[in-house]
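The values are calculated or read from the model by the stated rules, or taken from the named source; none is laboratory data. These numbers were taken from a predicted model, which means no experiment stands behind them. Don't worry about glycine lacking a Cβ; one is built from the backbone with ideal geometry, like all the others, and counts go over all protein chains shown. Heads up: the accessible areas ignore ligands, DNA and RNA and are worked out on the full protein's heavy atoms, side chains in. Shrake-Rupley method; radii C 1.70, N 1.55, O 1.52, S 1.80 Å.
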Amino acid sequence: LYNGVDTETLHSSEIDGGYVLFLGRLSPEKGVETLLKAHAASSNRWPLRIAGTGPLAEDLKHRYPGAVFLGHLSGDVLQQTIAEAAVVVLPSECFENCPMSILEAMAYGKPVVGSRMGGIPELIVDDVTGKLYTAGNSDELQAALTYLMGNQVVRQAMGTKARVRAELEFDLNHHNARLLEIYSAARKKT
């Protein structure tokens, strides 16, 4: 059973602020340095915003001054930052299960670029709702992000399809109903 996202509260956003957004812990397993390498290799061609804190924060800020480090965000500021992003990226290099950041981005109608690792490829439909790349491969990541950031029509179309997928497959009401079915079936077996 996948996580659920409240598509009744999170509305599709027509705003495209022209930036790539990373949300997460600034630690090695999250792949943030791979993302920052991809950004630097693109000569900072597309704006990159990093939302989060962690043990790598100060080192990464120092070595990658071309990115904007926002620190920890929450509440309305976090929601507005997601709603105004052009693309959300999840470059994890660990086995994520069902990251809420992907589901929330999809609920806002944002295409998501993610690594082919763990449960991420189960959420992102490659070339439909976003792009997938080989975990740890900054060249592939750079190519995917440069393509999307250079093609607003494509990213808007992917974002629209991501929103539809969130509504049809990851809606919180659907999740809760399915969870109750699982509990009911398990109860009958005991």
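The table below lists the values:
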{"read-out": "Yes/no for VAL88 being in contact with a strand residue (DSSP E or B) (Cβ under 6 Å, 6 or more places away or on another chain) and either surrounded by fewer than 17 Cβ atoms within 10 Å (Cβ to Cβ) or at positive phi (or both)", "value": "no"}
{"read-out": "Residues of the range 127-141 that turn out to be part of a loop (DSSP other than H, G, I, E, B), of a type in the set (A, V, I, L, M) and without any contact (Cβ under 8 Å) to a residue 60 or more places away in the chain, as a count", "value": "1"}
{"read-out": "Matching residues in the range 13-49 - criterion: being open to solvent by less than 10 Å² (accessible area, probe 1.4 Å) and within 21 Å of MET117 (Cα to Cα)", "value": "VAL20, LEU21, PHE22, LEU26, SER27, GLY31, VAL32, LEU35, LEU36, ALA38, HIS39"}
{"read-out": "Only one of MET106, MET149, MET100, MET158 that is open to solvent by 50 Å² or more (accessible area, probe 1.4 Å) and either of a type in the set (A, V, I, L, M) or at pLDDT below 95 (or both)", "value": "MET100"}
{"read-out": "Residues satisfying the stated conditions in the range 25-40, i.e. closer than 16 Å to GLY71 by Cα and of a type in the set (Ser, Thr, Tyr)", "value": "SER27"}
{"read-out": "Selection within the range 161-178 - in a helix (DSSP H, G or I), within 28 Å of GLU29 (Cβ to Cβ) and either open to solvent by less than 30 Å² (accessible area, probe 1.4 Å) or of a type outside the set (Asp, Glu) (or both)", "value": "ALA162, ARG165, ALA166, LEU172, HIS175"}
